[in-house]
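The values are calculated or read from the model by the stated rules, or taken from the named source; none is laboratory data. From a predicted model like this one, the values you see are computed outputs, not experimental measurements. Cβ: placed from backbone, ideal geometry, glycine included. Neighbour counts: every protein chain shown. For accessibility, only protein heavy atoms count, side chains too; no ligands or nucleic acids. Shrake-Rupley method; radii C 1.70, N 1.55, O 1.52, S 1.80 Å.
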Amino acid sequence: MYLAVFGQPLAGKSTVYEALTGAVSDPVGSGPALATVKVPDPRLDRLIALFRPKRTVPADVAFADVRVAGTAFSKHAGLAPAYVERLAQADALLLVVRAFPDESVPHLEGSVNAWRDLAAMEEELTFTDQLLLAKRLERISELLGKVKPAERESMERERVLLQRLLSSLERGLPIRDQALTAEERKLIRHYRFLTEKPLLVVLNLGEEQLAEVTQWEAALQERLHGTRMAGACIAGKIERELVQLEEPEAQEFRQALGIAEPARARILRTAYRLLGLISFFTVASNECRAWTIPAGTLAPQAAGAVHSDMERGFIRAEVVHYDDLVAAGSFAEARRRGLVRSEGKQYVVQDGDVIEYLFNV
Ligand SMILES: Nc1nc2c(ncn2[C@@H]2O[C@H](COP(=O)(O)OP(=O)(O)OP(=O)(O)O)[C@@H](O)[C@H]2O)c(=O)[nH]1
Ligand SMILES: [Mg+2]
């Protein structure tokens, strides 16, 4: 999974990226800086304590600090094509919006106003999709007269669908909030529309604003809309320092500053919820591992996340929920208590399942 960090110039994108990943974003590189972070999961820690495997592999998520040479923004003209391409590749967009006041950091508009900027960036995304749709619609009307009757029907259906998306966008409704059937979503997937992607808004607060973080959070929530948009307030500059500290010390600083949890844990949790992702675990004597899958995934496809052979040769899944396994203390004891179930091909994997696969290749 890959999240693209983007936003207005000097909003603190690189700062937030560094706070989330602990990596350094090379300021002169023109491509995106990429870093993978391990997803913290107390359940995996507990399983490790229980099974003492030789190796542990947490789930991971990649972040990109998206940059382009030159300017990505020219007001109301849509985003620059190179920029759009980088965003289009992402599973979700992480929009950094500046809230921190700092005279020494200039702002495009000459003043700091997070809500104005958030609205402006949403408009940029919308406008970018509108341009893409308009272009595609134009192309379709050119082609409609030329294609064979067999193709004409599906093309006509696409035209109607795209026209509907465009009209709704023009009324300010991002594609992620538009009512589309699963089939329609599949039909438009290859366009990789920016307003179709889950959007995570990170409000970048200054240290001095942490005292009113509750008010900022509430104000941010009010500006989110739909189920595929989420928000979080973090103090990017402070978090970038905290991520470099060892845990007991970082914890002390967080407490003193009134920061409830590390930005990385917070953002990853929000991203999982936003993307509808869940985790399941595999445990063996030599390895404990967390896997990320979309909610609703069936057991064989979940096995495919582990190894394609396990999906192909799937026989059944021995499943015990994390809570039950931890309460029992061991697989054997969980089995004795009848907490390990044997599940087949139609089983929908649940968050926190610990699974032992039986397969045959
Ligand atoms: N006071 C204060 N300054 C911040 C904060 N976050 C970022 N900055 C400063 O703002 C400036 C820009 O931060 P960056 O993280 O480089 O911003 P950016 O969005 O990556 O900038 P570009 O990539 O150049 O568009 C730097 O001088 C940061 O130190 C913050 O929370 N408080
Ligand atoms: Mg930067």
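This model, with +1 at the C-beta of Lys and Arg and -1 at the C-beta of Asp and Glu, gives the chain a dipole about its Cα centre of some 1340 debye. Once the convex hull of all Cα atoms in segment 201-253 is built, its volume per residue stands at 92 Å³. Between GLN215, SER168, LEU34, whose Cα lies farthest towards the positive end of the dipole of the chain when Lys and Arg beta carbons carry +1 and Asp and Glu beta carbons carry -1, centred on the Cα centre? About the Cα centre, the residue reaching furthest to the positive side is SER168. Here the translational diffusion coefficient of segment 296-359 follows from Stokes-Einstein with Rh set to the Kirkwood radius across Cα pairs; for 20 °C and 1.002 mPa s it amounts to 182 µm²/s.
Kirkwood analysis of the chain, using all unique Cα-Cα pairs, places the hydrodynamic radius at 22.8 Å. Between segment 34-61 and segment 142-211, how far is it from one alpha carbon centroid to the other, in angstrom? Cα centroid to Cα centroid, the span is 36 Å. Take each peptide in 4-15, 81-92, count the other Cβ atoms within 10 Å of every residue, and average; sorted highest first, the result is 4-15, 81-92. Ligands, DNA and RNA left out, the accessible area of segment 124-195 computed with a 1.4 Å probe is 55% carbon and sulfur. When a 1.4 Å probe is rolled over the protein heavy atoms, the share of accessible surface on segment 296-359 that falls to carbon and sulfur comes to 48 percent. Translational diffusion coefficient of segment 124-195 at 20 °C, 1.002 mPa s, Stokes-Einstein with Kirkwood Rh over Cα pairs, in µm²/s as a whole number. So the translational diffusion coefficient is about 170 µm²/s. Given R0 = 51 Å, the distance between the Cβ atoms of ALA284 and HIS225 translates into a calculated FRET efficiency of 0.70. ILE48 contributes an accessible area of around 50 Å² to the protein surface, as traced by a 1.4 Å probe with all chains present.
In terms of Cα atoms, the Rg and Dmax of segment 221-289 work out to 15.8, 48 Å. Each of THR297, ALA265, LEU194 was scored by the projection of its Cα onto the charge dipole of the chain, and the greatest displacement toward the positive side belongs to THR297; charges sit on the C-beta of Lys, Arg, Asp and Glu.
Determine the dipole magnitude for segment 198-351: charges of +1 sit on the beta-carbon of Lys and Arg, -1 on that of Asp and Glu, nothing else is charged, the reference point is the Cα centre, and the result goes in debye to the nearest 20.
With Lys and Arg at +1 and Asp and Glu at -1, about 820 debye.
Per residue, the accessible area of the chain comes to 50 Å², computed with a 1.4 Å probe over protein heavy atoms only. Against the criterion of solvent-accessible heavy-atom surface with a 1.4 angstrom probe, SER330, SER154 sort, most first, into SER154, SER330.
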